[in-house]
Amino acid sequence: MKNVVVFINVCILAMCALFTMNFNPGESENLPLASTVDNPGLTGENTTTVRASAASMPTEISKASETRMKSRLSSRDAREVENFIQTMRQERLLDFKQAQLAVQRGTLRPLKDYASWMTIHQQRMLEDIDRIAKSTGITISEKLDPASEEDFAKLEKLHGQSFDNRFIKGMTTSLKRDLKVLERASYSPVPEVQVFAARYTTITKDNLAKIQNLRKTNQKRKLF
């Protein structure tokens, strides 16, 4: 009889021990681990989901920024803004390279001074254009297009007074064209473009007046 009682007690203890072992692991699996949970109360798959969302957020914001202009403009307005930015950037790249060359090859001191200022002015315009392109999500080209490359190649072949003549003529034509584009852009539906146009219309008029004075000086030189 004593042995039966002992056997029963052993069985009871074994069952208690087994119950305790099964209960603790299950409970611990439901407890959040501080080392793997970023937000208290989120564990397992929830934590993975939150992390995945956080990782994808910058990309979604970037895409939203790039399409901001297109979402608030008509397709026609969006095309006009893009054409303005692309055209302006090509003109500025070409004028910048031509001005750099004129600093080296110009034979008139006033022309060299003008070209030196133009390199600074065109660089500033390029920086402002790039900022607008970034804010409106427009991809711009870092190189001259074939037509602009051809224009620059023609100037690059010249020296002396022939160089001065072509540089002055080309810059005069470019600035007149810029004025028309800028005046039209002042009515753009994009505020950044309006500000750019208003700022550089005045500066471009001043640059045109200076190059026209240089042209007169150059023409007088031909008479002697």
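A short reminder: the numbers here are calculations on the coordinates, not readings from a lab. Just so it is clear, the structure is predicted and the values come from calculations on it, not from any experiment. Every residue, glycine among them, receives a Cβ derived from its backbone with ideal geometry; neighbour counts consider all protein chains shown.
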- Note on the structure: Here the relative contact order (percent) of region 62-186, from C-alpha pairs under 8 Å and at least 6 apart, is 35 percent
- Flagged as over-length at 30 Å C-alpha distance, from Lys112/Lys154; Lys112/Lys134; Lys134/Lys205; Lys134/Lys216; Lys97/Lys180; Lys134/Lys210, the pairs are Lys112/Lys134; Lys134/Lys216; Lys134/Lys210
- Message: At a 10 Å Cβ-Cβ cut-off, how would you order Thr217, Thr173, fewest neighbours first?
- Response: Thr173, Thr217
- Query: How would you classify region 73-222 from its alpha-carbon gyration tensor, with a ≥ b ≥ c the square roots of the eigenvalues: rounded for a/c under 1.5, else prolate if a/b is greater than b/c, otherwise oblate?
  - Reply: prolate
- Likely footprinting exposure, Asp128, Asp164, Asp206, fewest C-beta neighbours within 10 Å first: Asp206, Asp128, Asp164
- Item | Residue order, fewest to most beta carbons within 10 Å, for His159, His121 | His159, His121
